[in-house]
1. Per residue of the chain, what 222 nm ellipticity follows from adding -39500 (n - 2.57) for every DSSP H run with n ≥ 4, rounded to the nearest 500?
2. Kyte-Doolittle mean at least 0.5 and Cα extent at least 18 Å along the axis: which DSSP H helices of the chain qualify?
3. Which of these values of P(r) over Cα pairs in 10 Å bins from 0, in percent was calculated from the structure shown: (i) 11, 34, 21, 12, 11, 8, 3, 0; (ii) 12, 38, 34, 12, 4, 1; (iii) 14, 53, 32, 1?
4. Find the relative contact order for the chain and round it to a whole percent, using C-alpha pairs within less than 8 Å whose residues are 6+ positions apart.
5. Give the cysteines in the chain for which no other Cys Cβ lies under 4.7 Å away, or write none if there are none.
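We did not get these values from a lab; they are worked out from the coordinates using the rules stated. Just so it is clear, the model here is predicted, and its values are computed rather than measured. Reconstructed Cβ throughout: ideal geometry from the backbone, glycine too, with neighbour counts over all protein chains shown.
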Amino acid sequence: MKLIQRIGYYLGGFSLGLIILAFFLNGKKVSCNYGPQARVIKRINTKPLQFSPDILKAISSEEIDTNGLKVFMIKGDIDFGNSKAQQKPCATYMLEGELNTREAQAIIVFCHNDSIATLTNLSFK
């Protein structure tokens, strides 16, 4: 069997495998969050989110848009240098990103014993 035929068989089987995988995984909520940043963001966004009284006041006075806050929580970056991830019983993470076209920083406290993420502080740069 010539090399060209082997490559043809390989590519044919590989493409058939991709088509089968696309068929079976179509519509599934499959994600691969292996990096530390993606895991923390996913863990914060899958748990119930509570707000501190200052954040609730800002939301009620319409200083902060709740939809913008949700996007900020999903697309923000964790600053591990200013976070205290190993702190017991509650880990503290600093989230940075863009909120309503302004650069913002938020402090999120995630307690392991009650599995609730709390947005405690939000400031704009």
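1. Values: 4 runs with 52 residues, N = 125.
Using -39500 (n - 2.57) per qualifying helix, the result is -13000 deg cm²/dmol.
2. Details: long enough: 3-25 (33 Å, 1.65).
Helices passing the filter in the chain: 3-25.
3. (i)
4. On the way: 150 pairs, mean separation 26.3, N = 125.
Rounded, it is 21 percent for the chain.
5. Those would be CYS32, since no other cysteine Cβ in the chain comes under 4.7 Å of theirs.
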